[in-house]
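The values are calculated or read from the model by the stated rules, or taken from the named source; none is laboratory data. As the structure is a computational prediction, the values presented were derived from the model and not from experiment. Cβ coordinates were reconstructed from backbone atoms using ideal geometry, including for glycine residues, and neighbour counts include every protein chain displayed.
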Amino acid sequence: MNWLDELVADVAARLRRRPPQRWLLRSVMLICGAAAQVWLNALGAGSVLQALGWAVLLLGFVLPRTVVPLVAGVFIVFEAAVVRVDAVTAVPIALGLAGWHVCAAALTTGRPWARLSRRVLRGTVWWPALLGLGGVAVAVPMALVADGLVLPEIAAVTLLLVVAVVLGAVVVLWPEPTADTDRATAGH
Amino acid sequence: MQYAPTTALARTTVLAVVALVLAIVNRQPALVVIAAPFVCGAVYGVMRRPRRGEPVPDVQLSARRVRVGEGLELRVTAGADRIVDVALPPGARYDLDPRWGAACDRAQAAVRLRPHRWGRLELPDTAITVTDTAGLWQTHLAHRLPEVTVSPVAAVPGRGDVVPHPTGLAGLHASRRPGDGSALADIRRFHPGDRLSRVNWRVTSRTGILHTNATTADRDTDVLVVLDTLADIRTPSEPGPGESSLDATVVAAASLVEHYLRLGDRVGVHDLGSLIRDIPPRSGIRQFAAFDSQLARARIEARRRSFVRRVGRMRPGTFAVVCSPLLDDTVFDEIGRLVHRGASVIVIDTLPAGLGVLPRGRRALRSGTAQLWDEAWALRRLEREAPIRQLRERGVPVTAWRGVEGIGVLAAELAANHARPRLVGRPATGAGATG
């Protein structure tokens, strides 16, 4: 059982190194994700979807610095699509998911055992949260209006917007060549 | 510096795209409400992309030379709109604040460390991460830190007290030999060659014949402090600074060097191991600075020599103080050689007092390796008794280190030993030696 003792001791040491502030952020992250999932359950999500949703949420709580929070977010979006939410009932899901994402972003700032100052939290938590709230506030009336429109026109406009966003993100986020890369491609 | 998107930016972009695509495919405009915060986040991240050519953060170490127990600070400074994360791995020779060596703050972050052992301290590379304030763009750097030299602290009781010198010749003590000095010995007639500044005008005016003050010589002698850095024995139940034989040896040696230099003696240092180089006898407090500097630059972990480096040239009558845990037979041999060469020798035992002391009562019921350790060291202490007794029979006082005032007692004992008959010949050393 030596390897098990060492594993438990290593995990306990890692947990002990985390400052209380990080545990608070994790708790808020879990509460936000759980709120979105509970709302989806209330809207009639199937039992399989519920179980999988809770599983990825708990896994995201344990591993916030990995790709798991993204997987959990995508799963909640899929659940919302399956449940066929409307513009108003989508608001709690949007807010919960935004809170989940913002807390995960704060947890990936700095070393896991580093204490974050208030100024850091202001930039990584409060400003993105306010931006998200503003986005939801603008999107709700747009979605209500879009609900009453004829489908093909909306589909075309939305499709164009999505393509523009995706292409723009690809172009803008593509890493720029560095000076070393230029020298290498020039054959020096 | 080249920045890269963080997982947060990637996550916000992917969630925005997935929600928007699902809104089109499923013909559910309500999903745009879910996508909205992430679209805003993605656009915000794109707008805040750092420019190329941003200067690297400034890394400063507050000091390159400190004393044991003093702290120094590692500070990393970036732009006002950047989050700096600095991490210094924990090490055995220093304490960190914050405890785990990581600090994250806006514009600048600092980690403080306090060495708790003397010598040359090689700090590991520090990992620095610079992020924008929204946590969407990030870059990583590794910075090599310079070496830090840590001087030992000789904070012992009795420091600075005047201690009688055993051979009677010191900067503060007059000898009985006439010569150029500061202590008045006689008033005699002036001879050609005497200093005019010492003419005693009162006696001259009374007698009508030129008289001068005669003094006794102010002479110094060589004090040789011998360190035994071959062993570094720690007490396992009392970890921390100053609980090893090597630390006790160095503290004792540093105290003695400083003390006798302040008395005006010429002090030299010899290391029986390989930790520091020999320091030839000189007077003046700068000699202590040279010794302190050697110790601060010493690499404790790099000690490899396993045999004794003999003392070189030495004037007869040198006062030698040997600081050693007395675990090596060759060290006893070298002490015998010093006595044979005419030095007045005092030995300071620097083996930790708590080592090899068997607990009694309930504490004696310790199990496993701890009890074996205590018993082994108790046996080792018994093995040392015979050669130590032989040294004492030869007139070499041996005592544990108790501060500089303890040296005064030994010095008086040594002076008394000069008049007593002593055992001649080199003592037989090693376990099992008799008589």
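Listed by position, the strands (runs of 3 or more DSSP E) inside region B:274-363 whose residues that are surrounded by 17 or more Cβ atoms within 10 Å (Cβ to Cβ) number at least 3 are B:319-324, B:344-349.
Here A:Gly135 qualifies as in a helix (DSSP H, G or I), facing chain B (nearest Cβ under 7 Å) and either among the hydrophobic types (A, V, I, L, M, F, W, C) or buried (at least 21 other Cβ atoms within 10 Å of the Cβ) (or both). Per the listing B:Arg52, B:Arg27, the residue uniquely at the interface with chain A (Cβ under 7 Å from one of its Cβ atoms), under 16 Å from B:Asp132 (Cβ atoms) and assigned to a loop (DSSP other than H, G, I, E, B) is B:Arg52.
Assess whether B:Arg117 counts as being in a loop (DSSP other than H, G, I, E, B), facing chain A (nearest Cβ under 10 Å) and of a type in the set (D, E, K, R). No: the conditions fail for B:Arg117.
Conditions (1) part of a loop (DSSP other than H, G, I, E, B); (2) facing chain B (nearest Cβ under 10 Å), marked per residue:
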site: A:Leu57; (1), (2): no, no
site: A:Arg65; (1), (2): yes, yes
site: A:Ala81; (1), (2): no, yes
site: A:Asp86; (1), (2): yes, yes
site: A:Ile93; (1), (2): no, yes
site: A:Thr109; (1), (2): yes, yes
site: A:Val120; (1), (2): no, yes
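If I go through region B:98-114 residue by residue, how many of them are part of a strand (DSSP E or B) and free of Cβ contacts under 8 Å to residues at least 24 places away in the same chain? Residues that pass the stated criteria total 4.
Taken together, the criteria exclude A:Val163 from residues that are facing chain B (nearest Cβ under 7 Å) and either touching a Gly at 6+ places or on another chain (Cβ under 9 Å) or modelled with pLDDT under 70 (or both). Scoring B:Leu15 on the criteria (1) in contact (Cβ under 8 Å) with a residue 24 or more places away in the chain; (2) facing another protein chain (nearest Cβ under 7 Å); (3) touching a His at 6+ places or on another chain (Cβ under 9 Å) leaves a single failure, condition (1).
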